[in-house]
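One structure is given here, and the rest of the page talks about it.
The values are calculated or read from the model by the stated rules, or taken from the named source; none is laboratory data. Here the structure is a predicted model, which is why all the values come from computation and not from measurement. Here the Cβ positions follow ideal geometry from the backbone for every residue, glycine too, while neighbour counts run over all protein chains shown.
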Amino acid sequence: MGKSTLMNALVGAKVAITSVRPQTTRRVIRGVVHRPDAQLIIMDTPGLHKPRTLLGERLDSLARSALTEVDVVGFCVPADQPVGPGDRYLARELGGLRDKPVVAILTKTDRATREQVMKQLVAFTELGEWADVVPVSALTGFGLDVLEDVLIDKLPVGRPLYPEGELTDEPEQVMVAELIREAALEGVRDELPHSIAVVVEEMGPRPGRPDLTDVHALLYLERPSQKPIVLGPSGARLQAVGTKARNRIEALLGTKVYLDLHIKIAKDWQRDPKQLRRLGFYD
């Protein structure tokens, strides 16, 4: 749907990883938009879906609990894909929210023709009754100012919850783990994306080198057969993942980074409550 890309565009900085793979977002991530007249806090959640694993159930529960915390809900549907059963399912779910407005957001308009956009807008109105319908493109910036105005107009009056300049409340160690996972997701086979988890074991400045941050991380997979795929010939693919991730972590932290990355097998971790807790996915 492009939810994370849209949030990054609104915030004006990368606070959530992005991928072409569905169900990339695995936690509720807050991004903060600061304006002279308002503060907009965006909660990027895992997508609502039909869970097939215990991990899927917990992600679905995270998304549903977030619905109780917000003042406005954004329902994203891409402009370049026909409305399908999943969209209709979400429309029914969100149609049941009587106590808060739902804004329909047509994403990825840069990938669609004018005719496709118009057709999707009509399809959106047939899905349900929405507080507003806003077409946008996170890539070109089209409609983002309109979307900000629409969302802010529906927020209650109150004091700012975050200080000026703070764009997210995500801990740096979690953001670093997510940047490594983002790099690992690029170019992997279809069966692998959901099997990848990353945990940063240690992170901190090297003694006597405040300009250098040491990061020691583990990349978890579910089966031994997946390891050669991630490693690649002579370890070339894992090395490329490390290089991409290191560059992104350096941009985040503003220091040089030494990244020590290893693969570990956690058998069927998506279905194992004990493994899920160890990897940070709590009940």
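Would you be able to say whether some residue in region 217-229 is over 30 Å from Thr53 (Cα atoms), at pLDDT 95 or above and either of a type in the set (Phe, Trp, Tyr) or buried (at least 19 other Cβ atoms within 10 Å of the Cβ) (or both)? Looking for residues that are over 30 Å from Thr53 (Cα atoms), at pLDDT 95 or above and either of a type in the set (Phe, Trp, Tyr) or buried (at least 19 other Cβ atoms within 10 Å of the Cβ) (or both), one finds none in region 217-229, hence no. Pairs meeting the criteria (first residue in region 209-225 and closer than 13 Å to Val257 by Cβ and in contact (Cβ under 8 Å) with a residue 40 or more places away in the chain, second residue small (Gly, Ala, Ser) and not in a strand (DSSP E or B), beta carbons under 9 Å, at least 6 apart or on different chains) are Val215/Ala245; Ala217/Ala177; Ala217/Ala245. At least 3 residues being in contact with an Asp or Glu (Cβ under 8 Å, 6 or more places away or on another chain) is the threshold, and among the helices (runs of 4 or more DSSP H) wholly inside region 156-268 those reaching it are 236-253. Among the residues of region 239-271, those that are under 30 Å from Pro51 (Cβ atoms) and either of a type outside the set (D, E, K, R) or in contact with a Ser or Thr (Cβ under 8 Å, 6 or more places away or on another chain) (or both) comprise Val241, Ala245, Leu261, His262, Ile263, Ile265, Ala266, Trp269, Gln270, Arg271.
Selection of region 96-127 for residues being in contact with a strand residue (DSSP E or B) (Cβ under 8 Å, 6 or more places away or on another chain) and closer than 12 Å to Val73 by Cβ yields Leu97, Lys100, Pro101, Val102, Val103, Ala104, Ile105. What is the one condition in (1) touching a strand residue (DSSP E or B) at 6+ places or on another chain (Cβ under 9 Å); (2) closer than 26 Å to Val157 by Cα that Pro36 does not satisfy? The one condition Pro36 does not meet is (1).
Does Leu151 qualify as being part of a strand (DSSP E or B), buried (at least 19 other Cβ atoms within 10 Å of the Cβ), within 22 Å of the chain's Cα centre (by Cα) and aliphatic (A, V, I, L, M)? Before the answer, list the steps.
On the way: part of a strand (DSSP E or B): no; buried (at least 19 other Cβ atoms within 10 Å of the Cβ): yes; within 22 Å of the chain's Cα centre (by Cα): yes; aliphatic (A, V, I, L, M): yes.
So Leu151 does not fit the description; no.
Of all the criteria given as (1) over 29 Å from Ala112 (Cα atoms); (2) of a type outside the set (D, E, K, R); (3) under 19 Å from the mean Cα position of the chain (by Cα), the one not satisfied by Leu185 is (1).
If we scan region 136-145, do we find a residue that is assigned by TED's automatic domain parsing to the domain that holds Val11, under 27 Å from Thr68 (Cβ atoms), out of contact with any Ser or Thr (no Cβ under 7 Å at 6 or more places or on another chain) and touching a residue at least 24 places away in the same chain (Cβ under 8 Å)?
yes
Just to verify a result, which residue in region 254-283, among those that are surrounded by 19 or more Cβ atoms within 10 Å (Cβ to Cβ) and among the polar types (S, T, N, Q), is farthest from Val241 (Cα to Cα)? Ranking the qualifying residues of region 254-283, first place goes to Gln275.
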